[in-house]
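Note sheet for the following structure.
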Amino acid sequence: MANLKEIRNRIASIGSTMKITSAMKMVSAAKLKKAQDAITNLRPYANKLTELLQNLSATLDGDAGSVYATKRDIKKVLLVAITSNRGLCGAFNSNIIKKTQALIKEKYTNEEVSIFAIGKKGNDILVKKQNIYSSNNEIFDDLNFANAADIAQSIMNAYADGNFDKIDIVYNRFKNAGTQIPTLEQFLPIASSTSEKTTNTDYIFEPSKERIIEELIPKSLKMQLFKAIRDSYAAEHGARMTAMHKATDNAGELKDELTLTYNKARQAAITAEILEIVGGADALSG
């Protein structure tokens, strides 16, 4: 059994760790509220914009902007993997890395796959085994639509130039603080709507169909990527808050166990000292 000093040091160390994890939990909870409100407010707009785009995609042949809807023989694929810049968030990053690697091994076995890594954690791991086309770690320093739009535009340009035949986004979709869903979304070419309700919608184009297509497609694609990054950002703080909550609880349980061990060891030491005193007294009296 460890001596009393070692146990006291471990108890003090765990107490310090509990203070850190508890503080990190509170910080993540505060950031989660803001991030959750942002993605909750953004989703209806982004989803409606995507719905409009999918309805238009069936009529894009020969129209301006149809380069983003043109389907090609898939030979080169770009996977946009969205992770975080920081750890201590449970399986948040590893889930995306595993899903990305699984797609390469199981779905795109005959295609040439490249990675666009958004987030330092994903880039650090994927760069060791996969071909990294590009990366961006700065987006989370100032997460706004303009910065996300710049990334989306570079990806759209790569597709328009024929560098890739298909582009998918892999990210954690935020459901609640305890649940993050690894999600795969097709970015390019634009996916056509499979809903009969939406495909039969009759739109009146004003000022013109060409003008609307020209402006709507780039904006919708940029909004799609922004929503994915926002989703991932909210999911990250939810995952970190949950991870720090569990870490604090586990540290508390370990501290209680060590405290019990310490009390037993101290009681044993006191009992041993009493026995020595009694034994010494008996020897002197005898």
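The table that follows gives values for the structure above.
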{"read-out": "Only Lys, Arg (+1) and Asp, Glu (-1) charged, at Cβ; the stretch 85-140 dipole about Cα centre in debye", "value": "240"}
{"read-out": "Karplus-derived HN-Hα couplings along the stretch 111-122 (A = 6.51, B = -1.76, C = 1.60, θ = phi - 60°), whole Hz, x at Gly and Pro", "value": "9, 8, 10, 10, 10, 9, 8, 9, x, 5, 5, x"}
{"read-out": "Backbone N within the stretch 7-22 under 15 Å of label point (7 Å from residue 261 Cα along the Cβ vector)", "value": "7-15"}
{"read-out": "Most mobile listed residue (69, 117, 235) in the chain, GNM with C-alpha springs under 10 Å", "value": "69"}
{"read-out": "Kirkwood hydrodynamic radius over Cα pairs of the stretch 106-185, then Stokes diffusion coefficient at 37 °C and 0.692 mPa s, in µm²/s", "value": "230"}
{"read-out": "Protection-proxy order for peptides 118-126, 172-180, each taking the mean of Cβ atoms within 10 Å per residue, highest first", "value": "118-126, 172-180"}
{"read-out": "0 to 90° range, to nearest 10: angle between helix 145-160 axis and the chain longest Cα axis", "value": "60"}
{"read-out": "Karplus-derived HN-Hα couplings along the stretch 167-174 (A = 6.51, B = -1.76, C = 1.60, θ = phi - 60°), whole Hz, x at Gly and Pro", "value": "10, 10, 10, 10, 7, 8, 8, 7"}
{"read-out": "Viscosity 1.567 mPa s, 4 °C: Kirkwood-radius Stokes-Einstein D of the chain over Cα pairs, µm²/s", "value": "58"}
{"read-out": "Rounded tilt (10° steps) of 92-102 against the dominant C-alpha axis of the chain", "value": "50"}
{"read-out": "Dipole axis of the chain (+1 Lys, Arg; -1 Asp, Glu on Cβ), positive-most option in 235, 78, 217", "value": "235"}
{"read-out": "Charge dipole (debye, nearest 20) of the chain; +1 at Cβ of Lys and Arg, -1 at Cβ of Asp and Glu", "value": "560"}
{"read-out": "Helix 4-57 axis, angle to the chain major axis (alpha carbon atoms, nearest 10°)", "value": "10"}
{"read-out": "Cα centre as origin, Lys/Arg/Asp/Glu Cβ charges: the stretch 1-160 dipole, Debye", "value": "1060"}
{"read-out": "Most fluctuating residue given options 260, 49, 79, as computed from a GNM of the chain linking Cα atoms under 10 Å", "value": "260"}
{"read-out": "Cut-off 19 Å, label 7 Å out along Cα→Cβ of residue 272, residues of the stretch 1-33 by amide N", "value": "1-10"}
{"read-out": "Trypsin sites (Lys or Arg not before Pro) restricted to the stretch 74-119 and DSSP loop, no more than 15 other C-beta within 10 Å", "value": "75, 86"}
{"read-out": "Reach of residue 25 by Cα under 23 Å, taken over lysines that are not fewer than 8 positions away in the same chain", "value": "33, 34, 120, 121, 175, 246, 255"}
{"read-out": "Global form of the stretch 111-153, assessed from the alpha-carbon gyration tensor, a/c cut-off 1.5", "value": "oblate"}
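Each value in this text was obtained by applying a stated rule to the coordinates, not by laboratory testing. Because the structure is predicted, anything quoted here is derived from the model rather than measured. A quick note on method: Cβ atoms are made from the backbone with ideal geometry, for glycine too, and the neighbour counts reach across all protein chains shown.
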